[in-house]
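The structure appears right after this line, and notes come after that.
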Amino acid sequence: MTAPEYPTALGASSLESITLLGTDLAEDVMGTVGFGELAFWLATQRRPSRGETRVFEAVLAALADHGFTPTAIVTRLTYLSAPDSVQGALAAGLLGGGSRFLGVTEDCGRFLHEVLTAVDGALPTDDAGWDALALETVAAQRAAGRFVPGLGHHVHKQGDPRTPRLFRIAAEENLVGPHLSLFAAIGRVHAQVLGRQLPLNGAGVCGAALADLGLPLELLRGFALLARTAGLIGQLAEELRHPVANDVFLSVDLHNRPVDPDPFVPEALPGAGDGARG
């Protein structure tokens, strides 16, 4: 019988050496390739250019830590409960990366890509063309009762400082592609449809930048989680020096208030009678 094969171009080991992406790990990677560059290389199996590395690492920096967000709080509380499980504390924080925190990076990248791939014909080549496409896009989302991913921020209501900076870095490296172009146009025209000005948030611009780098859309949230891992390690390091998790726990524990039960009542289905439930 033919022995099974499991091909991989990533890491492999022999008695004498370790190879990674077709190179010698010890001699060609360690001390030579930065971690951000390596993460990009691992995901795409092509070595990024200097400009691509700069944009990618700027995204990682933008998403690393935002203070006492739910992901940070749950990491600290999990460590309080299980100080023997650093991996559990980190995992708890990463599991909170979803539609409200961190997940917007993937949501925005996917949304922009879906709009671009649905364009009939060539993509715009100037701001007027991008603005027209953005106006159509925002109007369609409004008509469907859906939000535009990456639009709005609960804190930075006058503008997210990460957004213009990442646009500048991408422009400096000549890496403003269709996703960033469409996202910028959405920022210019959305008020015409929504009737108010909202900021383009940092998570959204990060998704647009990652998509323009040609990274797999299915992994965009993974890159956000990669960045947040560094931030959560920082949260744990600070918790060791200046603990606050126990204060958070005690604040809830000492201020909880017993109330009467509030039974759940299922929403009635259309046309359903008042007959007994089986």
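The values are calculated or read from the model by the stated rules, or taken from the named source; none is laboratory data. Keep in mind the model is a prediction, meaning the values are calculated, not measured. Heads up, the Cβs are rebuilt from the backbone with ideal geometry, glycines too, and the neighbour counts pull from every protein chain shown. Just so you know, the surface numbers come from the protein's heavy atoms only, side chains and all, with ligands and any DNA or RNA stripped out. Shrake-Rupley method; radii C 1.70, N 1.55, O 1.52, S 1.80 Å.
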Flag for R142 being free of Cβ contacts under 8 Å to residues at least 12 places away in the same chain and among the basic types (K, R): no
query: Among all residue pairs at least 6 apart or on different chains, which show Cβ distances below 9 Å where the first residue, located in segment 84-102, is over 12 Å from Q235 (Cβ atoms) and the second is at pLDDT 85 or above and open to solvent by 90 Å² or more (accessible area, probe 1.4 Å)?
result: G88/S81
message: Residues to consider are A211, A185; find the one that is of a type outside the set (S, T, N, Q) and in contact with a Cys (Cβ under 9 Å, 6 or more places away or on another chain).
response: A211
message: Any residue in segment 173-188 that is among the aromatic types (F, W, Y) sitting within a Cβ distance under 8 Å of a residue that is open to solvent by less than 30 Å² (accessible area, probe 1.4 Å)? List the pairs, counting only those 6 or more apart or interchain.
response: F183/C108; F183/L112; F183/G150; F183/L200; F183/G204; F183/V205; F183/A208
Candidate set: segment 23-37, residues that are in a helix (DSSP H, G or I) and not charged (D, E, K, R); chosen: the one most open to solvent (accessible area, probe 1.4 Å): F35
- request: For segment 49-56, state whether one or more residues are open to solvent by 30 Å² or more (accessible area, probe 1.4 Å) and more than 30 Å from V155 (Cα to Cα).
  value: yes
query: Could we say that L20 is at pLDDT below 95 and buried (at least 17 other Cβ atoms within 10 Å of the Cβ) here?
result: yes
field: segment 64-111, subset acidic (D, E) and closer than 21 Å to G207 by Cα, residue least open to solvent (accessible area, probe 1.4 Å)
entry: E106
Every residue from segment 247-259 that is open to solvent by 80 Å² or more (accessible area, probe 1.4 Å) and either under 28 Å from P149 (Cα atoms) or assigned to a helix (DSSP H, G or I) (or both): D247, F249, V252, L254
task: Output the number of the condition that R142 fails; it satisfies all remaining conditions of (1) open to solvent by less than 40 Å² (accessible area, probe 1.4 Å); (2) over 18 Å from L213 (Cβ atoms).
output: (1)
query: If we keep just the residues of segment 108-137 that are in a loop (DSSP other than H, G, I, E, B) and acidic (D, E), which is modelled with the lowest pLDDT?
result: D120
query: Which one of the conditions (1) of a type outside the set (D, E, K, R); (2) touching a strand residue (DSSP E or B) at 6+ places or on another chain (Cβ under 9 Å); (3) within 25 Å of P48 (Cβ to Cβ) does H153 fail to meet, given that it meets all the rest?
result: (3)
query: Pairs, please: C-beta under 6 Å, at least 6 apart or cross-chain, first residue farther than 14 Å from T229 by Cβ and of a type in the set (D, E) and in segment 48-77, second modelled with pLDDT of 95 or more and assigned to a loop (DSSP other than H, G, I, E, B)?
result: E52/L213
